[in-house]
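Here's the structure, in structure tokens; my notes come after.
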Amino acid sequence: PGSHPYVQTALSLRPASLDFVLVDGILRDHCAQAALALLKPGGLLILDNANWYLPHRTFSPDSVGADGRGPTPLWHELAVQLKEWRCVWTTNNVTDTAFFVKPAG
């Protein structure tokens, strides 16, 4: 999946060149992973339906849950990488959206 053209589009962008990235579509784990290097320090990563992929306390259905692991090993790796990022987690109790702020330096 990481070599899929949908994901490879990110390679045409300069590292640390984006103020924000919205991840909502197919291959989200690979797109989110690519986005980490593309964001400027202080940049915003927005992950729609984050409850399906990242552990968090939520009441939305089909959630990973606070003690769970994401559906792929890459989601687990992303959860570890994002652990130190400031996060605002929003919910409508059906799905959740998470906003992560990339740390400076």
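At a glance:
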item	result
Qualifying residue in the range 44-60 (condition: of a type in the set (Gly, Ala, Ser) and open to solvent by 30 Å² or more (accessible area, probe 1.4 Å))	no
Criterion: without any contact (Cβ under 8 Å) to a residue 40 or more places away in the chain, open to solvent by 70 Å² or more (accessible area, probe 1.4 Å) and aliphatic (A, V, I, L, M) - qualifying residue of 18, 22, 27	22
Failed item in (1) outside any loop (DSSP other than H, G, I, E, B); (2) open to solvent by 70 Å² or more (accessible area, probe 1.4 Å); (3) touching a residue at least 12 places away in the same chain (Cβ under 8 Å), with residue 69 passing the rest	(1)
Which numbered condition residue 75 misses (of (1) in a helix (DSSP H, G or I); (2) open to solvent by 50 Å² or more (accessible area, probe 1.4 Å); (3) in contact with a Lys or Arg (Cβ under 9 Å, 6 or more places away or on another chain); (4) of a type outside the set (Gly, Ala, Ser))	(2)
Test result for residue 84, under 18 Å from residue 35 (Cβ atoms), out of contact with any helix residue (DSSP H, G or I) (no Cβ under 6 Å at 6 or more places or on another chain) and free of Cβ contacts under 8 Å to residues at least 24 places away in the same chain	yes
Lone qualifier among 91, 97 - being more than 25 Å from residue 3 (Cα to Cα) and open to solvent by 60 Å² or more (accessible area, probe 1.4 Å)	91
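The values are calculated or read from the model by the stated rules, or taken from the named source; none is laboratory data. Values in this document were obtained by computation on a predicted structure and should not be read as measured data. Because the Cβ atoms are built from the backbone with ideal geometry, glycine has one as well, and the counts that use them run over all protein chains shown. SASA here: full protein model, heavy atoms, side chains in, ligands and nucleic acids out. Shrake-Rupley method; radii C 1.70, N 1.55, O 1.52, S 1.80 Å.
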